[in-house]
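Below you'll find the structure, written out as structure tokens, and then a few comments.
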Number of protein chains: 2
Amino acid sequence: MPRLTSDRRKLKKIYILFALVLFSSLLKAQEPGKVLTSVFDEALTDKTAYSQLEYLSKNTKGRLSGSPASFKAIEYTRQALINAGADTVWLQKVMVPNWKRGVENCRITSSKSGSEELSITALGLSVGTDANGLKSKVIEVHDFEELRAIGRKRIEGKIVFFNRPLDNKLINTFSAYSGAVNQRTSGASEASKYGAIAVIVRSMNPFLDNFPHTGVTHYADSVNPIPAVAVSTIGAELLSKWLKTDSTLTATLISTCKIYPDTVSYNVIGEIRGALKPHEYITVGGHLDAWDIAEGAHDDAGGCVQAIEMIRIYKKLGIKPKRTVRAVMFMNEEMSSTGGKAYAEEAKKKGEIHYAALESDRGVMSPRGFGFDAEGTRLEKLKSLASWFAPFNIRDFDTGEGGSDISPLKAMGALQIAFIPDAQRYFSYHHSANDTFEQVNIRELQMGSAGIASLIYLIDLFDL
Amino acid sequence: MPRLTSDRRKLKKIYILFALVLFSSLLKAQEPGKVLTSVFDEALTDKTAYSQLEYLSKNTKGRLSGSPASFKAIEYTRQALINAGADTVWLQKVMVPNWKRGVENCRITSSKSGSEELSITALGLSVGTDANGLKSKVIEVHDFEELRAIGRKRIEGKIVFFNRPLDNKLINTFSAYSGAVNQRTSGASEASKYGAIAVIVRSMNPFLDNFPHTGVTHYADSVNPIPAVAVSTIGAELLSKWLKTDSTLTATLISTCKIYPDTVSYNVIGEIRGALKPHEYITVGGHLDAWDIAEGAHDDAGGCVQAIEMIRIYKKLGIKPKRTVRAVMFMNEEMSSTGGKAYAEEAKKKGEIHYAALESDRGVMSPRGFGFDAEGTRLEKLKSLASWFAPFNIRDFDTGEGGSDISPLKAMGALQIAFIPDAQRYFSYHHSANDTFEQVNIRELQMGSAGIASLIYLIDLFDL
């Protein structure tokens, strides 16, 4: 009899255990939706990230790699990651170019139309003129074919003016940008081949305004590097109009920017140690450097504070990812992406397993979705995550590239993910003095932070 | 033999005719996608609507119904509709309230904290104070239940301060607004029942800033109307903080606004006569009036210029809708929607058949989709239109209400459609001096115009 009682007790225990397991698995099935709601609740009612954005925009404005402002931003975000509750925070050494803008000025003079100063700014990594500048006739071209067709005889000794606008018919503004940006990245190099002495490039701005938009320019090894500046879209229209009536118009261009020897800077990294698979890594990042003429609020302080916000939210809500999750502020995305390269190199050296990486470097407007560099079943699974985001009106889950800072992790097998905000207004700010804190809306920023923290949580949870 | 030749000729003609019909029907099947592309191309490369928006914002600022600025806006949009190529343009008489803001000022004084001026603005249709204003203790409440619980004894003779913030956890900002706005629309009326002498209402603003947001307030017939003002969210936080340490704090409130007898104003209407069913009407509209303290760029000059833009695009591209399509600038949406009512009344009197109506009055940020007040098969058909908009990244096709100006057409059978832009940042502008031209992005406006013109084209084409 005692035996039987004991058996019945055991049976009862098993029933209870079974019921508990069933119940907890049911709970578990409900959980992700609830977690996502709590993530959005937290992001939408907390101002930490927005305050950080304000600090980076206003107090570390113009934080180009190697600049004093960039070191201030490094220290500030290091502290912000500690405050967010990251288990470990550290700086990672990165060599960066050291390029400095000088005096810049461009005056055009025409016998027909008079004389006018254009709103210009040197392109990043451009060589400069001397203090007196240079003076020459200007020849307008729209692409490298036209340059070739015109030929050395007519180009030699002149300033080449690249004036192909962004194609505003394209719905995807990044496609419009891609379709025009070779004028900026390679225009100086190409024009130099035909003997040009400088280039003026129409700003990569879909709008007509007076902000010049900078950005990097590269010289091919074989060419004589010549000064390169961007002109505002209004300036480009004026110059083009004047050239139509007076092809002998001259421009006097001063741009005393200089390249100094490379210098030391840092990526800023904070991580939450994975609870189950600490040796697998998920990286979420933006870049901390910004163009010297900009507050760099959208590009890309916003991406940085969204990464820090993920750490803060996980810690605040007690979310314990299985894998180690890192927020990374990459240095020097704008000039030569050495931050992303240094990060991947060290990871490789240490034999780290990089599972996935997300980059937020397309501005921090309202989130539309995510782009995944995946295919087949994995892509389908990732796309099916959209259903979790329907309550938050984030709907676009599709193929896409990740971004330049995380791209070196691709070879190590890390899934590449891009955060995709609504980008209709992004290129009015991009790389210009118009990229200010005031152009960021707090709710749009918060919705993006919540979306990113939620996506990474699900990818880790479901092993996608 | 001549006979036979003639028959063969006839047969040949029939074959050719048949081939032509077949070919043109094939062409027709391809057409809508091409038409949509041409609509977006046109909208995204033309600045007419953006210039109109600038004019309305800067030159007819504060165009409250009955104001000189409102008549300037009426004449300007009438001319804009003619310029857009509308077949007929006319004004439709509407009686409107005539309410005028006066001097306004609010100072709070506390024995504990000192004295401070709050940023306030009278609510629309509010009664005023006399020139000396009124002075009284302040009692903070959060909803009408609390008002009831506190009761007449403690409220009588005091100023009631409604301080329930918008719930920022709600993803849909319009839901957050709806959940708080009864403080503004009925707070004065409810507080008056308990003997309050005035109300100060926290602005319907999800953000912390110093812009007071106005909006209409209504008095129940049975109550003594008392002055009502909105306070900025920063002002509301300060007042609440001071009240916590000093419940004897007093406010001196001056708001010498006044209601004058109703006056005559106009809706502005322009139409393209239908090619096949001219006696069926599709209405697309926004409201032309705006709050007196605002440029009213998002609310709702944007909606107006999008409606005019539809006419311009159809005429420019030679799109000939089957039904008569109208762009309507409704007057007096903000105070008592008499414009919408007058429009529906005349339509009813004339026995017009109103097929569908779309309202754009949720700001002109990037388009997300459309809401349809439909169900069953019709709703499914309307939702299936989403596939046409995938190339333009407009994806949200769902149920929804149309809007207050078109709602009187519902009883006449008109399908109610709301244009749905991304509204995360809308309520930072709404009804405040922060609603300026500069807050509108040209591409976001253009994308919305193209979306609206495309949707109306498809609904008319497919008889949805």
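From the list A:Ser432, A:Ser407, the one residue that fits, being modelled with pLDDT of 95 or more, buried (at least 24 other Cβ atoms within 10 Å of the Cβ), closer than 30 Å to A:Arg202 by Cα and among the hydroxyl-bearing types (Ser, Thr, Tyr), is A:Ser432. Selection of region A:419-433 for residues being more than 16 Å from A:Ala290 (Cα to Cα) and aromatic (Phe, Trp, Tyr) yields only A:Phe419.
If I filter region B:191-202 for residues that are crowded, with 21+ Cβ neighbours inside 10 Å, in contact with a Phe, Trp or Tyr (Cβ under 7 Å, 6 or more places away or on another chain), closer than 24 Å to B:Gly400 by Cα and not assigned by TED's automatic domain parsing to the domain that holds B:Arg368, do I get at least one hit? Within region B:191-202 (the criterion being crowded, with 21+ Cβ neighbours inside 10 Å, in contact with a Phe, Trp or Tyr (Cβ under 7 Å, 6 or more places away or on another chain), closer than 24 Å to B:Gly400 by Cα and not assigned by TED's automatic domain parsing to the domain that holds B:Arg368), the answer is no, since none of the residues qualifies. Helices (runs of 4 or more DSSP H) fully within region B:290-394 that include at least 1 residues being of a type in the set (S, T, N, Q) and without any contact (Cβ under 8 Å) to a residue 24 or more places away in the chain: B:376-384, B:386-389. Step by step: first the residues of region B:393-404, then only those that are buried (at least 19 other Cβ atoms within 10 Å of the Cβ) and within 25 Å of A:Phe370 (Cβ to Cβ), then the one that is farthest from the other protein chains (Cβ to nearest Cβ). Which residue is that? This residue is B:Phe397. For beta carbons closer than 7 Å, sequence separation of 6+ or different chains, a first residue in region B:415-430 that is within 14 Å of chain A (Cβ to nearest Cβ) and assigned to a strand (DSSP E or B) and a second that is among the β-branched types (Val, Ile, Thr) and buried (at least 24 other Cβ atoms within 10 Å of the Cβ), the qualifying pairs are B:Pro421/B:Val364.
Note on region A:37-80: among residues that are touching a strand residue (DSSP E or B) at 6+ places or on another chain (Cβ under 9 Å), assigned to a helix (DSSP H, G or I) and aliphatic (A, V, I, L, M), the one that is nearest to the other protein chains (Cβ to nearest Cβ) is A:Ala80.
Within region B:440-462, residues that are more than 14 Å from chain A (Cβ to nearest Cβ) and within 16 Å of A:Leu170 (Cα to Cα) reach no partner that is surrounded by fewer than 23 Cβ atoms within 10 Å (Cβ to Cβ) and aliphatic (A, V, I, L, M) with beta carbons closer than 6 Å at six or more positions or on different chains.
Picking from A:Ile353, A:Ile308, which residue would you name as being buried (at least 19 other Cβ atoms within 10 Å of the Cβ) and either more than 14 Å from chain B (Cβ to nearest Cβ) or touching a Ser or Thr at 6+ places or on another chain (Cβ under 9 Å) (or both)? That would be A:Ile308, the only listed residue that is buried (at least 19 other Cβ atoms within 10 Å of the Cβ) and either more than 14 Å from chain B (Cβ to nearest Cβ) or touching a Ser or Thr at 6+ places or on another chain (Cβ under 9 Å) (or both).
Every residue, every condition in (1) closer than 28 Å to B:Ala294 by Cβ; (2) assigned to a loop (DSSP other than H, G, I, E, B), yes or no:
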| site | (1), (2) |
| --- | --- |
| B:Trp99 | yes, no |
| B:Gly102 | yes, yes |
| B:Ile108 | yes, no |
| B:Ser115 | no, no |
| B:Thr121 | yes, no |
| B:Thr129 | yes, yes |
| B:Asn132 | no, yes |
| B:Lys135 | no, no |
| B:Val138 | yes, no |
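For region A:410-421, a residue qualifies if it is more than 17 Å from the chain's Cα centre (by Cα) and crowded, with 18+ Cβ neighbours inside 10 Å, and the qualifying residues are A:Ala414, A:Leu415. Of everything in region B:187-210 that is in contact with a helix residue (DSSP H, G or I) (Cβ under 7 Å, 6 or more places away or on another chain) and within 22 Å of B:Asn224 (Cα to Cα), the residue that is farthest from the other protein chains (Cβ to nearest Cβ) is B:Gly195.
Would you mind finding the one in B:Gly235, B:Gly151, B:Gly157 that is among the small types (Gly, Ala, Ser), more than 14 Å from chain A (Cβ to nearest Cβ) and in contact (Cβ under 8 Å) with a residue 60 or more places away in the chain? Talk me through it step by step, then tell me what you get.
Working: B:Gly151 fails: in contact (Cβ under 8 Å) with a residue 60 or more places away in the chain; B:Gly157 fails: in contact (Cβ under 8 Å) with a residue 60 or more places away in the chain.
Result: B:Gly235 is the single residue among B:Gly235, B:Gly151, B:Gly157 that is among the small types (Gly, Ala, Ser), more than 14 Å from chain A (Cβ to nearest Cβ) and in contact (Cβ under 8 Å) with a residue 60 or more places away in the chain.
Reported count of residues in region A:141-160, each being surrounded by fewer than 20 Cβ atoms within 10 Å (Cβ to Cβ) and in contact with a helix residue (DSSP H, G or I) (Cβ under 6 Å, 6 or more places away or on another chain), is 1.
The residues of region B:227-246 that are crowded, with 22+ Cβ neighbours inside 10 Å and either among the hydrophobic types (A, V, I, L, M, F, W, C) or not assigned by TED's automatic domain parsing to the domain that holds B:Gly157 (or both), listed by number, are B:Ala228, B:Val229, B:Ala230, B:Val231, B:Ala236, B:Leu239. No other residue among B:Ser360, B:Ser366 is touching a strand residue (DSSP E or B) at 6+ places or on another chain (Cβ under 7 Å), over 20 Å from B:Val328 (Cβ atoms) and among the polar types (S, T, N, Q) apart from B:Ser366. Based on what the data block shows, is B:Ser175 away from chain A (no Cβ under 14 Å) and surrounded by fewer than 23 Cβ atoms within 10 Å (Cβ to Cβ)? Judged against the criteria, B:Ser175 is not a match.
The values are calculated or read from the model by the stated rules, or taken from the named source; none is laboratory data. Quantities reported herein were computed from a predicted structural model and do not represent experimental measurements. So basically every Cβ, Gly included, is an ideal-geometry build from the backbone, and we count neighbours across all protein chains shown.
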